[in-house]
Amino acid sequence: KESNGEDRAWIEFNLGRTLYFQSDWQNAKKHYERAYQRMMAAEPPRVKDSIHVINNLGGVYKHQGELDRAK
């Protein structure tokens, strides 16, 4: 709940990665989506950083069998 000045978007991203490696696709997706929202809400939007999130979301969709969304 307290980020102690750390980048919350990257915290969400890394929580998602941890869950991804545990094959907890649904919760990983939630954290990736939060990370993406935080990055896009920044001023200016953090497009380059968001590429990592989008890539990992594609992996989640692939594992969930949602190949059309994974593209």
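The values are calculated or read from the model by the stated rules, or taken from the named source; none is laboratory data. Just so we're clear, the structure is a prediction, and the values are computed from it rather than from any experiment. For neighbour counting, all protein chains shown are included, and Cβ atoms are generated from backbone atoms with ideal geometry for every residue, glycine included. Please note that ligands, DNA and RNA were not included when accessible areas were found on the heavy atoms of the full protein model with its side chains. Shrake-Rupley method; radii C 1.70, N 1.55, O 1.52, S 1.80 Å.
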Positions within segment 1-26 being surrounded by 15 or more Cβ atoms within 10 Å (Cβ to Cβ), free of Cβ contacts under 8 Å to residues at least 40 places away in the same chain and under 19 Å from residue 51 (Cα atoms), in sequence order: 7, 10, 11, 12, 15, 17, 19, 25
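Test residue 43 against the criterion of being open to solvent by 80 Å² or more (accessible area, probe 1.4 Å) and out of contact with any Phe, Trp or Tyr (no Cβ under 8 Å at 6 or more places or on another chain), and give yes or no.
Numbers: open to solvent by 80 Å² or more (accessible area, probe 1.4 Å): yes; out of contact with any Phe, Trp or Tyr (no Cβ under 8 Å at 6 or more places or on another chain): yes.
Considered against the rule, which asks whether it is open to solvent by 80 Å² or more (accessible area, probe 1.4 Å) and out of contact with any Phe, Trp or Tyr (no Cβ under 8 Å at 6 or more places or on another chain), residue 43 comes out as yes.
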Quick check on segment 8-21. Is at least one of its residues part of a helix (DSSP H, G or I), modelled with pLDDT of 95 or more and in contact with a Gly (Cβ under 9 Å, 6 or more places away or on another chain)? yes
Quick one: count up the residues across segment 37-60 that are of a type outside the set (Lys, Arg), in a helix (DSSP H, G or I) and in contact (Cβ under 8 Å) with a residue 24 or more places away in the chain. 8
